[in-house]
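The block underneath contains the structure these notes are about, expressed in structure tokens.
The values are calculated or read from the model by the stated rules, or taken from the named source; none is laboratory data. Quantities reported herein were computed from a predicted structural model and do not represent experimental measurements. All Cβ positions, glycine included, derive from the backbone under ideal geometry; neighbour counts span all protein chains shown. Just so you know, the surface numbers come from the protein's heavy atoms only, side chains and all, with ligands and any DNA or RNA stripped out. Shrake-Rupley method; radii C 1.70, N 1.55, O 1.52, S 1.80 Å.
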Amino acid sequence: MIEQIKIRRPDDWHVHLRDGPMLALATPYTARQFARAIVMPNLAPPITTVAAAEAYRDRIKAAVPRAIDFTPLMTAYLTDEIDPDEIERGFRENVFTACKLYPAGATTNSAAGVTDIGKITRVLDRLQAIGMPLLVHGEVVSPDIDIFDREAVFLDTVLSPTMRDFPDLKVVLEHITTRDSVQFVEASGLNLAATITAHHLRIDRNAMFDGGIRPHAYCLPVAKRRLHREALRKAATSGNPKFFLGTDSAPHQKHEKESACGCAGIFSAPYALESYVQTFEEENALDRFEAFASEFGPRFYGLPLNEGTVTLKRCTGDVAETITESELCLVPFHAGETLRWQMD
Ligand code: DOR
Ligand code: ZN
């Protein structure tokens, strides 16, 4: 039995670090596990300018413990009105790494997002021309479409035509939750990849209704049927470089999740690697974990691989029920469970 694995330092290609006291709480957890992270821009107000991204990057760096070397990679939040020149300037000045497309109304702080992909044709043209990645929240927002179908319908009605009209655009379909998305990504060119979260590899939609309503298993895109989770586990552990790690760790206060209209998001940063590695072990794919966590992401983004290593040991560890700091109280993913691996 393998007792420990040592891998090149990994990156998180999709995370929410928030701002203010929540940023101070969340950032060290991500920085402890990952060398770099793609930081989501869905603050209130969202990050739509180079100046706002630089200021946010400084606030993130100030929240990283001094002994840790961590690089936040910033993203621009696309709106109907955003100026392609501002995006290109941020990319050339190494402030923006990518752009994030939130369909307006799809999720937390997405009200200012894109109302119709046709409105950002000039932006997509520019991204394609300069080789800047487009990160996509892949769900339609129409209330007529069943929430469990919103990702699959997005593939047909938005992503497929976009990939056809912009054949060289680099796209990451974020936090995929369906077999449909796995197949879509597999069948597309090398300019389309996908991130997979730790939680979508472990929970299916039943987790939200396990003996009662379970708000801490609620995120967007919402977890789907078991067959979809099985397809995600196969994809993540397949060794296909189009699938790589992105936690979508999304902290919300406990009381804001445990409410009549609870927030979407799972705070997985504290034990993300431990959770992923347990899945890879269950799939007999420990030998493929390093590539998923540390190689396929930077290769897709055209960034260097990290130096240094992290070690995960087979050793049980209990996950706290809550994480509390001054006025904040959060429930981490795996709360109250025992995990089989621990970071050294
Ligand atoms: O569950 C989610 N939480 N999904 C998202 O797309 C956004 C995120 C958040 O910001 O809370
Ligand atoms: Zn997200």
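Scan 183, 128 and give me the residue that is more than 16 Å from ligand 1 (Cβ to nearest atom) and in contact with a Leu (Cβ under 6 Å, 6 or more places away or on another chain).
Every option except 128 fails the conditions.
Give the stretch 1-36 a look and list any residue that's assigned to a strand (DSSP E or B), aliphatic (A, V, I, L, M) and within 14 Å of ligand 1 (Cβ to nearest atom), or say none.
Of everything in the stretch 1-36, just one residue is assigned to a strand (DSSP E or B), aliphatic (A, V, I, L, M) and within 14 Å of ligand 1 (Cβ to nearest atom), namely 15.
Please report, ordered by residue number, the strands (runs of 3 or more DSSP E) entirely within the stretch 223-325 with at least 1 residues that are open to solvent by 60 Å² or more (accessible area, probe 1.4 Å) and of a type in the set (Val, Ile, Thr).
309-318, 323-325
For the stretch 23-47, what are the residues that are more than 16 Å from residue 13 (Cα to Cα) and either among the aliphatic types (A, V, I, L, M) or open to solvent by less than 10 Å² (accessible area, probe 1.4 Å) (or both)?
Once the filter is applied, which keeps residues that are more than 16 Å from residue 13 (Cα to Cα) and either among the aliphatic types (A, V, I, L, M) or open to solvent by less than 10 Å² (accessible area, probe 1.4 Å) (or both), the stretch 23-47 yields 23, 24, 25, 43, 44, 47.
Does residue 15 meet the test of being within 15 Å of the chain's Cα centre (by Cα), buried (at least 19 other Cβ atoms within 10 Å of the Cβ) and within 16 Å of ligand 2 (Cβ to nearest atom)?
It is true that residue 15 is within 15 Å of the chain's Cα centre (by Cα), buried (at least 19 other Cβ atoms within 10 Å of the Cβ) and within 16 Å of ligand 2 (Cβ to nearest atom).
Away from ligand 1 (no atom under 15 Å from the Cβ), in contact with a Pro (Cβ under 6 Å, 6 or more places away or on another chain) and either in contact (Cβ under 8 Å) with a residue 60 or more places away in the chain or among the charged types (D, E, K, R) (or both): does that describe residue 170?
yes
Can you tell me which condition residue 97 does not meet? The list is (1) within 16 Å of ligand 2 (Cβ to nearest atom); (2) of a type in the set (S, T, N, Q); (3) open to solvent by less than 20 Å² (accessible area, probe 1.4 Å), and all the others hold.
(3)
Of all residues in the stretch 230-269, how many are within 16 Å of ligand 1 (Cβ to nearest atom) and of a type outside the set (Val, Ile, Thr)?
22
Condition (residue is outside any helix (DSSP H, G or I), more than 26 Å from residue 80 (Cα to Cα) and not small (Gly, Ala, Ser)) applied to the stretch 40-53: is it met by at least one residue?
No: the stretch 40-53 contains no residue that is outside any helix (DSSP H, G or I), more than 26 Å from residue 80 (Cα to Cα) and not small (Gly, Ala, Ser).
Report yes if some residue within the stretch 96-117 is aromatic (Phe, Trp, Tyr), under 22 Å from residue 265 (Cα atoms) and touching a strand residue (DSSP E or B) at 6+ places or on another chain (Cβ under 8 Å); otherwise report no.
yes
Given the criteria of a type outside the set (A, V, I, L, M, F, W, C) and open to solvent by less than 50 Å² (accessible area, probe 1.4 Å), does residue 69 qualify?
Taking the combined requirement at face value, the residue does not satisfy it.
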